[in-house]
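Below you'll find the structure, written out as structure tokens, and then a few comments.
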Amino acid sequence: MNFYENTIKNMNKAAKTMNLDPETLLTLSSPQKTLIVSLPVRMDDGTLKIFEGFRVQHSELRGPFKGGFRYFPEVNLDEVKALATEMSFKCAVAGIPYGGGKGGVKCSPKEMSQGELERLTRKYVQAVYQIIGPEHDIPAPDMYTNPQMMAWFMDEYSRLSNKYQPGIVTGKPIEVGGSLGRGTATAQGGAYILEKYMEKNDMKPEGTTVVIQGFGNAGMYAAEILHGMGFTILGVSDSKGGIYSDKAIDPFCVLKDKKEKGSVTDCDEGKTCTNEELLEKPCDILVLAAMENQVTEKNASKIKAKIILELANGPTSAEADAILEKNNVVVIPDILANSGGVTVSYFEWVQNQSGYYWPIEEVDAKLKRAMVEALERILEFQEKHNCSMREGAYISAFDRMDKALKLRGSGAHLKCKVYFNK
Ligand code: GLU
């Protein structure tokens with residue numbers, strides 16, 4: 001089952017449990033618009049390369065399309081459709097007034113120079129220019145895209161539209177209209193949710209062990225934040241592999257070695273292992289912060305953690321979910337656990353639109369409140385329907401989208417078929 005089929009399966013399951021209006025499910029079962037573009041980019045060696053890019057706009061029922069764009073060799077349309085769909089649900093879960101969208105370019109960013117990445121980013125803006133806008137579709141960072149790329153994105157869009165438009169993209173550096181706290185927001189939001197969930201279940205960070213898969217925008221900060229809260233970090237990994245210690249590892253040491261030498265596996269805080277092995281190591285909490293499809297029917301029964309916190313999008317397959325549920329492993333689902341990122345993106349956009357910037361305390365307090373409210377609402381639905389937290393999260397989102405659709409009328413979700421931009 002691919003990522004998109006997995007997302008549809010999650011939707012269908014929740015729709016059945018809550019007895020959702022079939023027309024709402026039908027409406028949300030395919031994206032509103034899908035754009036596929038060819039991006040010709042001059043490489044440093046003088047050759048011309050054509051990259052394939054995507055922007056999928058899933059739903060603008062509750063507000064402008066919102067969601068990041070990723071640079072990755074395996075990016076494909078089905079994956080971007082799944083991610084765009086998840087964004088609509090994530091924004092509805094978090095209660096922020098956005099729909100969902102996602103983009104991506106099939107490329108190998110680690111092998112490209114800064115100049116090549118800048119030319120690619122500007123080309124991507126030119127190609128999607130017609131369908132995005134600060135009140136229509138607002139991109140952001142995702143896998144292997146970063147604040148520098150958001151700055152180029154904003155600059156190119158502002159140039160094309162002949163006015164300064166910081167609200168076209170979020171996740172920008174502070175110097176060009178970014179928000180304080182956006183860089184750490186995904187991890188911080190996840191930490192607030194975990195903290196509240198544990199409080200409700202009489203658990204404390206002290207003495208609770210954590211393994212984190214992925215050391216990018218989400219995983220790296222999760223390691224620092226959870227360590228700071230008193231959790232014991234036993235293992236971490238990046239795309240090259242992982243390290244694990246049965247005592248504790250210091251995330252600041254790992255970060256230093258990764259920065260200086262290239263990988264967390266260059267740090268001797270723990271014994272090296274593969275990413276697959278890391279997932280099966282003993283721990284209380286497993287944080288999945290790498291990418292989709294990491295816990296599947298193949299390894300789900302070998303997971304020893306009691307709680308999984310999904311900071312990545314789609315890291316657990318539907319088959320794995322069933323196994324984990326049977327084994328009483330609680331999964332705090334992606335559309336809740338990582339919704340802190342898009343929530344602070346929303347705060348950034350609000351600040352851009354008003355031109356007034358908030359101190360970090362204000363960002364943090366508003367983020368915490370949004371995360372706790374989203375969790376409480378999901379737990380209520382979970383109790384009402386006696387279902388998993390993932391189902392509760394989908395039901396929470398469906399409930400809001402269904403109401404929006406009924407208020408706006410079924411024409412609110414007009415569809416447009418795939419079209420190509422040569
Ligand atoms: N890419 C992030 C996500 O998947 C952030 C999206 C955004 O900030 O718009 O949630």
TODO: Quantify, in whole percent, the carbon and sulfur part of the accessible surface of region 95-155 (1.4 Å probe; protein heavy atoms only).
DONE: 49
Task: Solvent-accessible heavy-atom area per residue, rounded to whole Å², over region 1-93 at 1.4 Å - done: 36
- [ ] Just grab the label-to-label distance for Asp21 and Asp268, each label 7 Å out from Cα along the Cβ direction, in nm (one decimal).
- [x] 6.5
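Filter Lys9/Lys66; Lys81/Lys123; Lys306/Lys326; Lys49/Lys240; Lys49/Lys123; Lys81/Lys240 down to the pairs with a C-alpha to C-alpha distance above 19 Å, please.
Lys9/Lys66; Lys81/Lys123; Lys49/Lys240; Lys81/Lys240
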Open item on the list: Please compute the per residue accessible area over region 99-142 with all protein chains in place, 1.4 Å probe, rounded to a whole number of Å².
Closed with: 35
Task: Label-point gap, in nm, between Asn162 and Val350 - each point 7 angstrom along Cα→Cβ - done: 3.3
TODO: Go ahead and run the numbers for FRET between Ala365 and Asn12, Cβ-Cβ distance against an R0 of 51 Å, rounding to 0.05.
DONE: 0.85
TODO: Using just the helices of the chain, give the 222 nm mean residue ellipticity in deg cm²/dmol: DSSP H runs with n ≥ 4 each add -39,500 (n - 2.57), and the total is spread over all residues, rounded to 500.
DONE: -14500 deg cm²/dmol
Open item on the list: If each residue of separation counts as 0.36 nm, what is the full-extension length gain between Asp250 and Glu5 once their alpha-carbon separation is subtracted?
Closed with: 84.3 nm
- [ ] Give me the compactness ratio for region 290-422, meaning the Cα radius of gyration over 2.2 N^0.38 Å.
- [x] 1.29
Open item on the list: With a 1.4 Å probe and all protein chains left in place, how much accessible area per residue does region 297-373 have, in Å²?
Closed with: 40
TODO: List the trypsin sites (Lys or Arg not before Pro) within region 154-203 that fall in a DSSP loop (any state other than H, G, I, E or B) and whose Cβ has at most 16 other Cβ atoms within 10 Å.
DONE: Lys163
Open item on the list: Please compute the length gained on full extension between Leu407 and Ala322, using 0.36 nm multiplied by the number of residues separating them and subtracting their Cα-Cα distance.
Closed with: 27.1 nm
Open item on the list: Please compute the modelled spin-label separation between Asn299 and Val372, points set 7 Å along Cα→Cβ, answer in nm with one decimal.
Closed with: 3.5
Open item on the list: Would you work out the Kirkwood radius for region 1-106? I mean one over the mean of 1/r across all pairs of different Cα atoms, in Å.
Closed with: 14.7
Open item on the list: Ignoring ligands, DNA and RNA, please state the percent of accessible area on region 26-79 from carbon and sulfur, probe 1.4 Å.
Closed with: 54
- [ ] Starting from the Kirkwood radius over alpha-carbon pairs of the chain, derive D by Stokes-Einstein at 10 °C in a medium of 1.306 mPa s and give it in µm² s⁻¹.
- [x] 74
TODO: Let me have the relative contact order for the chain, percent, based on Cα pairs under 8 Å that are six or more residues apart.
DONE: 18
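The values are calculated or read from the model by the stated rules, or taken from the named source; none is laboratory data. These numbers come from a predicted model, not from an experiment. Here the Cβ is made from the backbone with ideal geometry for all residues, glycine too, and neighbour counts use every protein chain on show. All accessible areas refer to the heavy atoms of the entire protein, side chains included, with ligands and DNA or RNA removed. Shrake-Rupley method; radii C 1.70, N 1.55, O 1.52, S 1.80 Å.
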